[in-house]
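Working notes for the structure below.
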Amino acid sequence: MGQLEDMAMFVRIVDAGSITKAAEQLDIAKSAVSRRLKDLETRLGGQLLNRTTRRSNLTEAGEHYYQRANNILGEVDALNEQTSGVKSHIEGTLKMTAPLSFGLMHLSEVIHDYANEHANLTFELDFSDRQVDLVAGGYELAIRIGKLQDSSYQAKRLTKISYALCASPAYLSKMGTPKNLGELAQHMFLQYGLGSHNNLALTDEQGQKHNISMNSKIKANNGDFLLDMAVKGHGIAFLPTFITYQTVARGELVPLLQHYQLPTLNAYAVYPKNRFLSQRCRLLIDFIAERFGEEPYWDKPKN
């Protein structure tokens, strides 16, 4: 193995957090990773990592080597891309994670079209609402919805995520259609999330904000489940429009109090800081942002 390969292996160990995890991500034996690390340290004449049974910590020399190696590897990748050109370089495996409902409903066509454009590219896709550690899990990219809190990540905004209040015609026929916030507060809600937060903020046409306490009949951590419960008449759902738009178009759900503005969030492409972002990731991020746009297709008026 050459020095660049050894640099890349060392960076992977640090990013993964341990030799064991690095070996799993590289799909090689742990003993082979340990041997190459030892050979690298012998060649450099100093210890780069303090090993423990669970985790490896950088020495001062290791910290310096890691930072410089990251920069060198990024420059080499950039040079290779500039020299070989976009089409020939889009290859390898793109490992990414995305929210379950959003991924299944809206990334299928995106990945289909992107894969057709880049036949040498392979994918590992983790559709889950878990907030996974990108570095420890070996992910290049994540799609996240909501406020970003982890400062160790970089992010690019992809599109706006709007919300809707809606219920089935059968539920409204039985329980009545709320005409104002006072009536809305008397209804049963289907709420995303399992926490204790039950407040819903709405803004009226004059820009005044109002808060109501949701009396939640069902709480769940999956939007598709709550959508099904809403269609079956169990209450009023407060869900993203990317989940509700088809059932609303079919008349299975009815939007409520549309003259009020509901909270909005953003969808982001998220990736680790201080890591070279491959061209396959950069192009996919741009591809998704262009596909969805400022007004995503699920929010556009239907003819």
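Assorted remarks:
- Considering each residue of the stretch 44-55 in turn, at least one proves to be at pLDDT below 85 and touching a strand residue (DSSP E or B) at 6+ places or on another chain (Cβ under 6 Å).
- Qualifying residue in the stretch 172-185 (condition: in a loop (DSSP other than H, G, I, E, B), surrounded by 13 or more Cβ atoms within 10 Å (Cβ to Cβ) and under 17 Å from the mean Cα position of the chain (by Cα)): no
Residues are listed down the side, and each one gets a yes or a no for (1) part of a helix (DSSP H, G or I); (2) open to solvent by less than 40 Å² (accessible area, probe 1.4 Å); (3) without any contact (Cβ under 8 Å) to a residue 12 or more places away in the chain; (4) of a type in the set (Lys, Arg):
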position	(1), (2), (3), (4)
Thr244	yes, yes, no, no
Val248	yes, no, no, no
His259	no, no, no, no
Ala267	no, yes, no, no
Val270	no, yes, no, no
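- Ile218 in contact (Cβ under 8 Å) with a residue 24 or more places away in the chain and either under 23 Å from Ile145 (Cα atoms) or part of a helix (DSSP H, G or I) (or both): yes
- Residue list for the stretch 116-162, restricted to those being closer than 21 Å to Asn222 by Cβ, part of a loop (DSSP other than H, G, I, E, B) and either without any contact (Cβ under 8 Å) to a residue 40 or more places away in the chain or of a type in the set (A, V, I, L, M, F, W, C) (or both): Ser128, Arg130, Gln131, Val132
- Scanning the stretch 88-115 for residues that are within 28 Å of Thr241 (Cβ to Cβ), polar (S, T, N, Q) and in a helix (DSSP H, G or I) turns up Ser101, Ser108.
- Candidates in the stretch 133-155 are the residues that are loosely packed, with under 13 Cβ neighbours inside 10 Å and under 12 Å from Pro272 (Cβ atoms); of these, the one that is modelled with the lowest pLDDT is Ser151.
- Test: residue in the stretch 35-43 that is free of Cβ contacts under 8 Å to residues at least 60 places away in the same chain, among the β-branched types (Val, Ile, Thr), within 21 Å of Gly138 (Cβ to Cβ) and open to solvent by 40 Å² or more (accessible area, probe 1.4 Å): no
- Residue match in the stretch 230-239 (condition: of a type in the set (Phe, Trp, Tyr) and either free of Cβ contacts under 8 Å to residues at least 60 places away in the same chain or closer than 24 Å to Leu202 by Cα (or both)): yes
- Selection over the stretch 56-82 of residues that are modelled with pLDDT under 80 and under 18 Å from Leu4 (Cα atoms) gives a count of 12.
- Restricting the stretch 160-171 to residues that are in contact with a Gly (Cβ under 9 Å, 6 or more places away or on another chain) and crowded, with 17+ Cβ neighbours inside 10 Å leaves a set whose member that is nearest to Asn266 (Cα to Cα) is Ile161.
- Residue list for the stretch 13-23, filter: touching a residue at least 40 places away in the same chain (Cβ under 8 Å) and either surrounded by fewer than 18 Cβ atoms within 10 Å (Cβ to Cβ) or of a type in the set (Phe, Trp, Tyr) (or both): Gly17
- All of Gly2, Gly46, Gly62 fail the test of being buried (at least 17 other Cβ atoms within 10 Å of the Cβ), over 22 Å from Glu140 (Cα atoms) and of a type in the set (Gly, Ala, Ser), apart from Gly62.
- The set of residues in the stretch 186-224 being open to solvent by 90 Å² or more (accessible area, probe 1.4 Å) and either small (Gly, Ala, Ser) or more than 16 Å from Leu257 (Cβ to Cβ) (or both) consists of Tyr192, Leu194, Ser196, His197, Lys217, Asn221.
The values are calculated or read from the model by the stated rules, or taken from the named source; none is laboratory data. Keep in mind it's a predicted model, so treat the numbers as computed, not measured. Glycine also receives a Cβ, built like all others from the backbone with ideal geometry; neighbour counts cover every protein chain displayed. SASA here: full protein model, heavy atoms, side chains in, ligands and nucleic acids out. Shrake-Rupley method; radii C 1.70, N 1.55, O 1.52, S 1.80 Å.
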